[in-house]
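The values are calculated or read from the model by the stated rules, or taken from the named source; none is laboratory data. Here the structure is a predicted model, which is why all the values come from computation and not from measurement. Positions of Cβ are generated from backbone atoms using ideal geometry, with glycine treated the same way; all protein chains shown enter the neighbour counts. Just so you know, the surface numbers come from the protein's heavy atoms only, side chains and all, with ligands and any DNA or RNA stripped out. Shrake-Rupley method; radii C 1.70, N 1.55, O 1.52, S 1.80 Å.
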Amino acid sequence: MTAYLITSVSVVGAAPTDLLIRDGVVAEVGPGLSAPDATVIDGTGLVALPGLVDLHTHLREPGREDAETVESGSRAAALGGYTAVCAMANTSPVADTAGVVEQVWRLGREANLVDVQPIGAVTVGLAGERLAELGAMADSAARVRIFSDDGHCVADPKLMRRALEYVKAFDGIIAQHAEEPRLTEGAQMHEGEVSTRLGLIGWPAVAEEAIIARDVLLTEHVGSRLHVCHVSTAGSVEVLRQAKARGVRVTAEVTPHHLLLTDERAESYDPVFKVNPPLRTAADITALRAALADGVIDVIATDHAPHAVEDKECEWAYARPGMLGLETALSIALDVLGPEWDLIAERMSRTPARIAGLTGHGVDPAPGVPANLTLIDPAVRRTIEPTELASRSRNTPYARMTLPGRIVATFLRGEPTVLDGKAVK
Ligand SMILES: [Zn+2]
C-alpha cells in the first residue's frame, strides 16, 4: 500500500495542517509531518472533508446497464467526492430479495470505487401490495438496513404501518417517496402558476405533505424510524419541524436540484428538468435552504437518476423523470451554502453515514480513522460539460452552467479513487 502525505490542507475548514495516510487509515495529523516513503500531495488551498455519503443513488444495475452500472455510477460518485452510496431498489429485477441485494453489494465490492450499500424494496416488485422479504435482506451479506419503494410511494397505510413495525426488530428504516398517488395522476410538473400557464397537469405540494404527515404519525404510533426522501415543499418542512419537536424518529433529505432550480425551468420544455418530485417554487427553495441550515432537513442526497437518451430526449410528457447528481452535488452545496465546511460535512457525510449505519464513513480525518476522505479545491469554478461526466447517462440539468468547487482527490480506505481530478481506474 502506498502512503500519501497531504501537506497544508484545511481539514473541514480549519487552519492548514498535514495529513499522513498509511495502511488504509489516517496515520497522523499535524503541521510539518515528513514521510520519505509517501507520495506527497500539495494540499495548499484545498479542503479535506470526510468522504461524502449519498443516501439516495440509482445505479440502474441490474436491468438498465445502458443507463448506468454499479461500476460507472461508483466512478461518478468517487469523482463527486463520495466514498459510500446507498443504491435504490427500483432495478430490474427489483431489489426485493436477498439474492438481488447481494448481487448489487457484490458488484460494488468488485468495482471498489465507493462502498455500495443496497437499499431493499419495501414491497414485492415495488407493487405496494405485500411486504418484501425484509428480514432476509437484513440478514443477507448486504446487511440491508434501509428499505424503500422509491419511485413509488408506499401508499397503503396498513402496509406502511406493518413495514415500520417489521424493521423495528433490527432498528431498520423505511425511506418513503412521499407522493399520494391519487393526487398526482397524470402529473407532469409542480402544480402552480407555471403549470397553469403551460397547460400541464400539476403535482400538488399537498400530495407530498399529506403522506409525510400520515407517515410521521404512523412512525410515532409504532415507535419506529422513518426517513423522508427528497423533501421538496415548504409545507413538508413545517410537518417535519413539528414531528421532530415531538421527538418522532424521522430524518429527511433534500436534493441539490430542489435547492437550486425552480419550476420555471419547465418553460423550456426541456425534459432534463422533469423530475419526481418536481422542481418547485422560489419560496419552497427558501424554506428548504433554511431547513437544511437549522437541521429540520438532515441530509443532502442526490437522487442521482441516470436515464438513457431515448428515455429522456423526447417530448416532455413521455420523458422519464430524474436527473444526474453525483458529480455536481458538492458544487451545488457550495453554491447554495457557501464555504460552510462543517455544515457541508454534517449534511453530506456525517449524518447520512450515521443514518445508514455505515461505520468508517462520515468521520472527520483524525489519527486512526479509516482514510475515507475527499479533497476539494473551492477556488476553482468549472463549467459542466455533459460529455465529460463519468456517468453512462447525460441528463444533467447543469449543462454549461459554471459552478464553484472541484474534487481534486478521493480516498477509499487509504487508496485513491480520484487523483488530480481524474478517476484512478
Ligand atoms: Zn423518489
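For segment 177-208, taking the residues that are within 12 Å of Asp263 (Cα to Cα) and among the polar types (S, T, N, Q), the one that is nearest to the chain's Cα centre (by Cα) is identified as Gln188. For segment 331-385: of the residues being of a type in the set (S, T, N, Q) and outside any helix (DSSP H, G or I), which is surrounded by the most Cβ atoms within 10 Å (Cβ to Cβ)? In this case the residue turns out to be Asn372.
Scanning segment 37-65 for residues that are at positive phi and in contact (Cβ under 8 Å) with a residue 60 or more places away in the chain returns Gly45, Arg60. Scanning segment 196-251 for residues that are free of Cβ contacts under 8 Å to residues at least 60 places away in the same chain, assigned to a helix (DSSP H, G or I), within 16 Å of the ligand (Cβ to nearest atom) and closer than 24 Å to Asp54 by Cα gives Glu209, Ile211, Ile212, Asp215, Ser236. Condition first: in contact with a strand residue (DSSP E or B) (Cβ under 6 Å, 6 or more places away or on another chain) and of a type in the set (A, V, I, L, M). Now tell me which residues in segment 179-203 satisfy that. Those that are in contact with a strand residue (DSSP E or B) (Cβ under 6 Å, 6 or more places away or on another chain) and of a type in the set (A, V, I, L, M): Ala187, Leu200. Restricting attention to segment 28-61, and to residues there that are within 19 Å of the chain's Cα centre (by Cα) and not in a strand (DSSP E or B), which single residue is surrounded by the fewest Cβ atoms within 10 Å (Cβ to Cβ)? By that ranking, first place goes to Glu61.
The set of residues in segment 147-166 that are away from the ligand (no atom under 13 Å from the Cβ) and buried (at least 24 other Cβ atoms within 10 Å of the Cβ) comprises Phe147, Met160, Ala163, Leu164. Taking each residue of segment 126-151 that is on the phi > 0 side of the Ramachandran plot and looking for partners that are open to solvent by 40 Å² or more (accessible area, probe 1.4 Å) and of a type in the set (Asp, Glu) with beta-carbon atoms closer than 8 Å, six or more apart or interchain, yields Gly128/Asp156. Taking segment 354-382 as the range and being under 18 Å from Ala423 (Cα atoms) and either in contact with a Ser or Thr (Cβ under 9 Å, 6 or more places away or on another chain) or of a type in the set (Ser, Thr, Tyr) (or both) as the test, the residues that pass are Asn372, Leu373, Thr374, Leu375, Arg382. All of (1) over 30 Å from Ala121 (Cα atoms); (2) at pLDDT 95 or above; (3) surrounded by fewer than 16 Cβ atoms within 10 Å (Cβ to Cβ) hold for Thr2 with one exception: (2).
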